[in-house]
Amino acid sequence: MKLRILTLAILLSSINSFSQEVSNETNSLESQFDKIYRISTSYQKYKVISKDLFQRLKLNVIDSLNASKKLILERERLLKSEREKNEIIKTKLEITQQNLDASTKKENTISLFGMQIKKGTYNIILWLLIAALISGLLYFIYKFSKSSIITRTAQNNLLDTEQEFDQHRKKAIEREQKLRRQLQDLINKQRSN
């Protein structure tokens, strides 16, 4: 009987010290199991744990499990939210990439007569057109200057010809007048004879 009382006294003191330790510390479950094992009494090959300590340990385990579940649920929600954000960002990135590709294509092309032409091709066409226009202009300037020279030469020749013609006409008039005088002189001679 003394042994039972002594065992009960030891058990009560260990329960009191354990409850103070459990209430004072926020230990992990593993350390709480270790403490219960240390302060529990042994009976033959079994460990005897008080119901009060067991209930407290059970509540702590359940609280830890519930907290872990809440944490897991919260992290799953957060993960799901991040995945959704990631999908939205991927979609926006794809749209942005498509817009960038369209802008790059638009920037590298020029609309000419309703057709999209690359800038390099457009530049080649433009410079060929400019070269052709400059060549045509130079050809017409050459032809104009050649025609101008021919026209000036023809005008000079015309002036020379007109001068010659005027001289010839004057000579012809003088000859005609001379011939008329001679004819008049002959007519006058014939009348007088």
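Only one of the numbered conditions (1) outside any helix (DSSP H, G or I); (2) open to solvent by less than 100 Å² (accessible area, probe 1.4 Å) is violated by residue 116, and that is (2).
One line per residue, one yes/no per condition, for (1) among the aliphatic types (A, V, I, L, M); (2) open to solvent by less than 70 Å² (accessible area, probe 1.4 Å):
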| residue | (1), (2) |
| --- | --- |
| 104 | no, yes |
| 111 | no, no |
| 133 | yes, no |
| 138 | yes, no |
| 145 | no, yes |
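Here residue 33 passes the criteria (1) modelled with pLDDT of 85 or more; (2) of a type in the set (A, V, I, L, M, F, W, C); (3) in contact with a helix residue (DSSP H, G or I) (Cβ under 9 Å, 6 or more places away or on another chain); (4) open to solvent by 90 Å² or more (accessible area, probe 1.4 Å) except the one numbered (1). Residue 130 meets each of the listed conditions (1) modelled with pLDDT of 95 or more; (2) in contact with a helix residue (DSSP H, G or I) (Cβ under 8 Å, 6 or more places away or on another chain) apart from (2).
The values are calculated or read from the model by the stated rules, or taken from the named source; none is laboratory data. Source: prediction; values computed, not measured. Every residue, glycine among them, receives a Cβ derived from its backbone with ideal geometry; neighbour counts consider all protein chains shown. For the accessible areas, the whole protein counts, side chains as well, though only heavy atoms, and no ligand, DNA or RNA atoms are used. Shrake-Rupley method; radii C 1.70, N 1.55, O 1.52, S 1.80 Å.
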